[in-house]
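Asker: Let me begin by handing over the structure; questions about it come next.
The values are calculated or read from the model by the stated rules, or taken from the named source; none is laboratory data. It should be emphasised that the depicted structure is a prediction, and the values quoted were computed from it without experimental measurement. Backbone-built Cβ (ideal geometry, glycine too); neighbour counts: all protein chains shown.
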Amino acid sequence: MTHVLDRLGRAIRSPAFTFVLIAFLILLLGIPLLIVSLFVGEREARARGVWGGAQQVVGPLLVAPDMVAAFAVLYFILRLEDYALLAGALMGFATLTLVMFATLRVDWSGDRSDPV
């Protein structure tokens, strides 16, 4: 009996089990997204009949992959243990660099009279 419990304990602590559990939770959390999508589709059909305009809901579809990526990066950084600080600093530097280059030509002042 202890042999079985020992093997079960090792299986639960394995990275593969953690990965499968996270994948299962992502799929499980996709159910509310499907329900919201069906609800929005029904509302769009009703709105076309009344006002004729289409609705656009893109929030959850853009946030969910970003959150999954962020948690995956944090998980792998924490799994590194000895090099977590170095890996976190490099990831932060890379993220900041990408954001700076992506917003390089954005005019944050709102002044449209003098383009740069």
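Asker: Given the options PRO15, PRO32, name the one that is touching a residue at least 60 places away in the same chain (Cβ under 8 Å) and not basic (Lys, Arg).
Answerer: Just one listed residue meets the conditions, PRO15.
Asker: Identify the residue in region 1-53 that is in a helix (DSSP H, G or I) and of a type in the set (S, T, N, Q) and, among all such residues, is modelled with the lowest pLDDT.
Answerer: Only one residue fits best here, namely THR2.
Asker: Return the residues of region 58-116 that are exposed (fewer than 10 other Cβ atoms within 10 Å of the Cβ), among the β-branched types (Val, Ile, Thr) and modelled with pLDDT under 85; say none if nothing qualifies.
Answerer: VAL58, VAL106, VAL116
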